[in-house]
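So that we are looking at the same thing, I have put the structure below in structure tokens.
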Amino acid sequence: MLRKVKDLLEMIQFGHTIFALPFALIGAFLARRGIPEVATFGWIILAMVGARTAAMGFNRIADRKFDAANPRTADRAIPTGAVGLGEAWAMVVFFTLLYFVACSQLNSLTLKLSPFALGLTFIYSLTKRFTWLCHVVLGIALAFSPLGGWVAVKGTFAGFPLSLSLGVLFWVAGFDTVYACLDADFDRQAGLYSLPARFGRKKAFRFAVFFHGLAFILFALTGIVAELNIYYYLGIALTAGALFYQHLVVNPQDLSRIQLSFFTMNGLISFTMFVATWLSLVMDS
């Protein structure tokens, strides 16, 4: 049983929940102008874990044939048989239910938005079949994280700093474009769509730089709109450094350190922005 749980968690890369979760908490903290109530805080975390796990499980199910044919992903849990298709579907159903239960415990608007937000993450898994803008679709899906955190606390869209969600959109689109460079050749041969497969790695990296430049501007604008203090901007400075470092250690000719770029730096960015937002709000209270 423990081995099966380990295989399931590895299949969905559970640790990568850190990419979206901090931004949901940023939205919640901004709505509350501080730390939300314990119950609200807990239901937001459960909703995010449920949504992200269900979405990743669906992604692995939808892509299982491509994963089996791709040498880079052939050792994933479903292609190797470590996780059965029925087991994967059971996990998706369970965490989908967890997500909806968590949303129902927050407020009516959160529950009304929940099918659309989760559905978009599922649709992303299919967009690689027909558009090279799939990275932007993933960005839009994760951009719901801070909006969801805000609505979970406020129960309304009023006052939400839209620049925060737009920043998440372009941040995600940027790093997903870079990561897709690993499969550019396979995607092209398999008839899948991505920016690297369509335009080549060199131009894809230029798109990623553009996306990350927009993300930085939008994150900085969020500080102005939300009236945050110097602690937030110190976090933004660290974020800018992490964005720059990603493009310094990885380039179209050398993708060997992409794990450092994709996982370490992007995890650092989301965590840094959360801590910076929290400190800014706490020091103003």
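Would you mention how many residues in the range 129-164 are farther than 30 Å from ASN70 by Cβ, among the polar types (S, T, N, Q) and touching a residue at least 60 places away in the same chain (Cβ under 8 Å)?
1
If you go through the range 154-198, how many residues are buried (at least 23 other Cβ atoms within 10 Å of the Cβ) and not in a helix (DSSP H, G or I)?
Within the range 154-198, residues that are buried (at least 23 other Cβ atoms within 10 Å of the Cβ) and not in a helix (DSSP H, G or I) number 2.
While we're looking at this one, here's another question. Within the range 61-83, take every residue that is closer than 17 Å to LEU182 by Cα, more than 21 Å from the chain's Cα centre (by Cα) and not acidic (Asp, Glu) and give me the one that is surrounded by the most Cβ atoms within 10 Å (Cβ to Cβ).
If we take residues in the range 61-83 being closer than 17 Å to LEU182 by Cα, more than 21 Å from the chain's Cα centre (by Cα) and not acidic (Asp, Glu), then ASN70 is surrounded by the most Cβ atoms within 10 Å (Cβ to Cβ).
Being surrounded by fewer than 21 Cβ atoms within 10 Å (Cβ to Cβ) and either farther than 24 Å from ALA47 by Cβ or in contact with a Phe, Trp or Tyr (Cβ under 9 Å, 6 or more places away or on another chain) (or both) narrows it down to one residue among PHE122, PHE144; which is it?
PHE122
In the range 57-87, how many residues are aliphatic (A, V, I, L, M) and at pLDDT 90 or above?
Qualifying residue count, the range 57-87: 6.
Go through the range 24-76 and give me each residue that's of a type in the set (D, E, K, R) and part of a loop (DSSP other than H, G, I, E, B).
ARG33, GLU37, ASP63, ARG72, ASP75, ARG76 - these are the residues of the range 24-76 that are of a type in the set (D, E, K, R) and part of a loop (DSSP other than H, G, I, E, B).
Filter the range 100-115 down to the residues that are of a type in the set (A, V, I, L, M, F, W, C) and farther than 14 Å from PHE157 by Cα, then identify the one that is surrounded by the fewest Cβ atoms within 10 Å (Cβ to Cβ).
The residue in question is VAL101.
With the structure loaded, tell me whether GLY223 is over 20 Å from the mean Cα position of the chain (by Cα) and not hydrophobic (A, V, I, L, M, F, W, C) or whether it fails that test.
Yes.
If a residue has to be at pLDDT 85 or above and among the polar types (S, T, N, Q) to count, how many in the range 257-285 make the cut?
Number of matching residues: 5.
Assuming THR127 fulfils every condition listed in (1) under 27 Å from MET273 (Cα atoms); (2) of a type in the set (Val, Ile, Thr); (3) under 17 Å from the mean Cα position of the chain (by Cα) apart from one, which condition is it?
So THR127 meets the others, but not (1).
What are the pairs, 6+ residues apart or on separate chains, where a residue within the range 49-69 that is over 16 Å from PHE144 (Cβ atoms) and among the acidic types (Asp, Glu) has its Cβ under 7 Å from a residue that is at pLDDT below 95 and not in a helix (DSSP H, G or I)?
Short answer, once both residue conditions are applied: ASP67/THR73; ASP67/ALA74; ASP67/ARG76.
Any chance the range 213-221 includes a residue that's at pLDDT 95 or above, in contact with a Ser or Thr (Cβ under 8 Å, 6 or more places away or on another chain), closer than 20 Å to LEU138 by Cα and not in a helix (DSSP H, G or I)?
The answer is no, given that none of the residues of the range 213-221 is at pLDDT 95 or above, in contact with a Ser or Thr (Cβ under 8 Å, 6 or more places away or on another chain), closer than 20 Å to LEU138 by Cα and not in a helix (DSSP H, G or I).
Here's the yes/no breakdown for (1) β-branched (Val, Ile, Thr); (2) under 30 Å from GLY200 (Cβ atoms); (3) out of contact with any His (no Cβ under 7 Å at 6 or more places or on another chain); (4) modelled with pLDDT of 95 or more:
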{"residue": "ILE140", "(1), (2), (3), (4)": "yes, yes, yes, yes"}
{"residue": "LEU147", "(1), (2), (3), (4)": "no, no, yes, yes"}
{"residue": "LYS154", "(1), (2), (3), (4)": "no, no, yes, yes"}
{"residue": "ALA158", "(1), (2), (3), (4)": "no, no, yes, yes"}
{"residue": "PRO161", "(1), (2), (3), (4)": "no, no, yes, yes"}
{"residue": "LEU166", "(1), (2), (3), (4)": "no, yes, yes, yes"}
{"residue": "ALA173", "(1), (2), (3), (4)": "no, yes, no, yes"}
{"residue": "TYR179", "(1), (2), (3), (4)": "no, yes, yes, no"}
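Just wondering, is there one or more residues in the range 18-37 that are within 25 Å of THR264 (Cα to Cα), among the aromatic types (Phe, Trp, Tyr) and at pLDDT 90 or above?
The answer is yes, given that some residue of the range 18-37 is within 25 Å of THR264 (Cα to Cα), among the aromatic types (Phe, Trp, Tyr) and at pLDDT 90 or above.
The values are calculated or read from the model by the stated rules, or taken from the named source; none is laboratory data. Predicted model only: the values in this text are computed from it and were never measured. Note: ideal-geometry Cβ built from the backbone for every residue, glycine included; neighbour counts use all protein chains shown.
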